[in-house]
Amino acid sequence: MTPRRGFKRRTVLKLGGIAAGATAIAGCSAVIPEAAGRELTSDLPLPERFVVPLPIPPVATPNEAGRYMLTQRESDVEILPGTRTRVWGYDGVFPGPTFDVRRGEPIIVDVRNELPAPTSTHLHGGVNPSDSDGYPTDVIVADGHDFDPGAGSHMATDADQWRLHRGGREYEYPVEQPAAMLWYHDHRMDFTAPQVWRGLCGMFIVRDDDEDRLELPSGDHELPLLLCDRAFNADGSFKYPSVDDSLLAEPGVTGDYHQGVEGDVLLVNGAPWPTTSVDNGSYRLRLLNASNARRFELALDDGGRFTQIGSDQGLLAAPQVLETITIAPGERFDVIVDFSGHDVGDRVVLRNLLGTGAAAEVMRFSVDRAKGTRYRVPKRLSEPPAIAVEDSVGDRKFAFALTNHEHGQMWTINGKPFDPADSLATVKIDTVERWMFSSDFHHPVHVHLGHFQVLNRNGKPPAPEDAGWKDTVDLRPYEFVEVAVRFSGHRGRYMMHCHNLEHEDMAMMANFDVV
Ligand code: C2O
Ligand code: CU
C-alpha cells in the first residue's frame with residue numbers, strides 16, 4: 001500500500017485560517033492563547049440562563065436477550081425553549097442513553113445506523129478488542145444509503161482501508177476495567193467533529209465493588225454532567241461550518257474554524273445553562289467535557305471547592321481538593337461538592353473561568369431542601385495499580401503540530417497526517433512505555449486502549465488535573481508532557497489522536513499496534 005495515495009484529493013484542505021493563527025501564536029509566544037478554538041455566533045437570541053431544568057439522559061437497558069440495542073437516528077428535539085433542533089442521536093436523543101454497567105459483566109451493543117451518513121462508534125476509555133474499538137474506517141452504512149469512500153476527498157480513498165457494515169453491527173465490550181465514567185461517541189473518518197456536534201455522544205458508567213464500598217452519594221445525588229457547546233441557526237438548527245453539509249463528500253470546515261469550533265451556547269446534558277434543584281447535602285458530579293474544542297475552567301461561585309475522587313479511569317488513591325478544574329475535550333473528573341453551608345433559597349452557579357459573556361457560566365444549583373446528607377470523603381479511596389515507570393521498555397516522542405505539506409498545512413503527529421495504512425509505533429502487550437507529547441497549540445491528546453499516568457509537564461511536576469489514571473491529557477501551547485502508558489487487555493491496531501475534533505478530522509491521528 002502506498003501511504004501517500006490516500007491523500008491525493010486531500011490537497012483541497014483550506015488551511016489558510018490556521019496558518020494565520022499559528023503565525024500569530026508564534027509571533028507572540030509570551031501570550032498563550034486560552035481559546036482552543038474559534039467561537040461561532042448563534043443567529044438567534046440566546047436563551048435565558050438557569051431556566052431549563054437539568055435533564056438526566058435515559059439509562060440504556062438490555063433487551064430480553066441481554067443485548068443493548070442502540071439506533072442512531074435523526075429526531076427533532078427542543079434544546080432552546082420554543083425551537084426545534086434536528087439532532088443525530090443514539091436512539092434519537094442527545095446526549096445518548098447512559099450505559100450503567102458493572103465490571104466483570106461483559107456486554108454486547110448492537111448499533112444500528114439509520115442516518116444518511118456512515119458512523120463508527122468508539123467507547124472512549126474502554127479496554128476493548130481492536131475490532132470493537134470503533135476504528136474510523138470501520139463504519140456502518142444505513143440500509144438504503146450508499147457510501148463510496150473514493151467519491152470524496154477522504155483521508156483514506158483506498159477501498160481496502162475500509163470495512164463497511166450494512167445497517168448495523170455489534171460491538172463487544174468485556175468491561176474488565178475499574179469503575180470509571182467512560183463515554184461513547186462517533187469516530188467516523190474525516191467527519192467525527194460534525195457528527196458529534198449533531199449529537200452522537202453519550203455517557204458510559206462502569207461500577208465495581210471497590211467503588212461501592214465507599215458508599216458515595218448516589219441516586220439523585222449522583223449527577224452525570226456532559227458539558228459541551230453548540231451554536232444555532234435562526235431556525236433552531238445546529239450551526240456548524242462544514243464545507244459540505246451532507247457530510248458525504250468534502251470533509252473539513254470553512255474559514256478560520258480549522259483551529260476548532262466552539263459554540264456560544266453552553267449545554268449540560270443537552271440543555272442550555274440548566275438549573276437543578278438540590279438539597280444542602282453532598283453531591284457526586286461526574287464531569288465530562290464532550291465539546292469539540294472548548295476547554296473549561298470550572299469553579300463554584302460560592303467559593304466552594306471540588307473534592308476530586310476520580311479521574312478519566314477511575315478512583316484516585318486519595319481525594320484532592322481543587323478550587324477550579326480545567327477540563328479539556330475528552331477528559332472526565334469525578335468530584336464531590338457540598339452545599340451544606342447553604343440555606344434553602346441559595347443559588348450556586350457553576351462558572352467557566354475560561355469563558356466570556358454567557359460562556360462564563362455553565363449551570364446553576366438551586367438549594368431548595370434542607371436536611372441533606374453530608375458525605376465525608378475517606379482519606380483513602382482505593383488502591384489503583386501503581387505504574388512501574390522504571391520498567392519502561394521504550395521511550396517515544398509524539399509531536400502534535402501544524403506542519404507543511406506539499407499541498408498545504410495539516411494538523412499532524414510527528415509531521416505525518418493520519419494514514420490508516422501506516423503505524424507510528426509497535427508496542428508489546430503488558431508493557432509500560434514513556435511517551436513524550438509536545439504541542440504547538442491546545443491539543444488534548446487521547447490514547448485508545450492504553451491508560452497512562454502523567455509523569456511531568458515541561459519537566460515540572462504534573463498539574464493537579466493530571467492526577468490518577470488518564471486516557472486524555474490536556475496539552476497547552478508549547479508544552480511537553482511525559483506520561484507512562486501501559487498497554488493491556490488486547491492486541492491489535494489502536495490509535496491515538498488529538499481530541500480537538502476538528503484537528504482529529506484534519507489528520508491529527510495515528511495508529512499504533514499492540515503485539
Ligand atoms: Cu473520544 Cu478516539 O476518542
Ligand atoms: Cu489538536
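DSSP beta bridges confined to the chain are antiparallel in about 70 percent of cases. Note on segment 303-374 and segment 71-120: Cα centroid distance 27 Å, given to the nearest whole angstrom.
Translational diffusion coefficient of segment 248-406 (Stokes-Einstein, Kirkwood radius from Cα pairs, 25 °C, 0.890 mPa s): 133 µm²/s. Shown in residue order for segment 344-353 are the 3J(HN,Hα) couplings computed by the Karplus curve 6.51 cos²θ - 1.76 cosθ + 1.60 at θ = phi - 60°: 4, x, 6, 10, 10, 9, 7, 9, 10, 6 Hz (x for Gly and Pro).
For LEU455, the amide hydrogen comes within under 5 Å of the amide hydrogens of GLU482, VAL483, ALA484, counting only partners 5 or more places away or on other chains and with H modelled in the peptide plane.
Normalising by the residue count of the chain, find the relative contact order in percent from Cα pairs under 8 Å and 6+ residues apart. 16 percent. Just so you know, the Cα atoms of segment 312-408 work out to an Rg and Dmax of 20.7, 66 Å. Across segment 186-302, the convex hull enclosing all Cα atoms gives 151 Å³ per residue.
Within segment 68-212, the proportion of Cα pairs with more than 27 Å between them is 24 percent. With a 1.4 Å probe rolled over the protein heavy atoms of all chains, the accessible area of ARG163, ARG213, ARG102 falls in the order ARG213, ARG163, ARG102, largest first. Restricting the calculation to Cα atoms, the chain yields a radius of gyration followed by a Dmax of 21.5, 67 Å. Averaged over its residues, the chain has an accessible area of 36 Å² per residue, based on protein heavy atoms and a 1.4 Å probe. Accessible surface ranking for THR192, THR324, 1.4 angstrom probe, highest first: THR324, THR192.
Amide H contacts of ASN292: ASP229, each under 5 Å away and 5 or more positions distant or on a separate chain (H built 1.01 Å from N in the peptide plane; Pro and chain starts excluded).
Once both labels are positioned 7 Å from their Cα atoms along Cα-to-Cβ, the gap between ALA65 and ALA159 label points is 3.1 nm.
Dipole check for segment 182-238: with +1 at the C-beta of Lys and Arg, -1 at the C-beta of Asp and Glu, and the Cα centre as origin, the magnitude is about 460 Debye. Taking all protein chains as they are arranged and a probe of 1.4 Å, the heavy atoms of ILE327 leave approximately 0 Å² accessible to solvent. For segment 389-514, the share of alpha carbon pairs falling in successive 10 Å distance bins from zero is 14, 47, 33, 6, 0 percent.
The spacing between segment 198-244 and segment 488-511, judged by their C-alpha centroids, is 21 Å. Surface composition of segment 389-514: carbon plus sulfur atoms hold 48% of the accessible area, using a 1.4 angstrom probe and ignoring ligands, DNA and RNA. Site pair ALA358 and ASN404 shows an inter-label distance of 4.2 nm when each label is modelled 7 Å from Cα along Cα→Cβ.
The alpha carbon convex hull volume per residue for segment 182-255 rounds to 129 Å³. So if R0 is 22 Å, what FRET efficiency would THR41 and ARG86 give, r being the distance between their Cβ atoms, rounded to the nearest 0.05? Efficiency, from the Cβ-Cβ distance: 0.65.
The values are calculated or read from the model by the stated rules, or taken from the named source; none is laboratory data. As the structure is a computational prediction, the values presented were derived from the model and not from experiment. Counting neighbours? That spans all protein chains shown, and the Cβs are built from the backbone with ideal geometry, glycine included. Remember, those area values only see protein heavy atoms, side chains included, never the ligands or the DNA or RNA. Shrake-Rupley method; radii C 1.70, N 1.55, O 1.52, S 1.80 Å.
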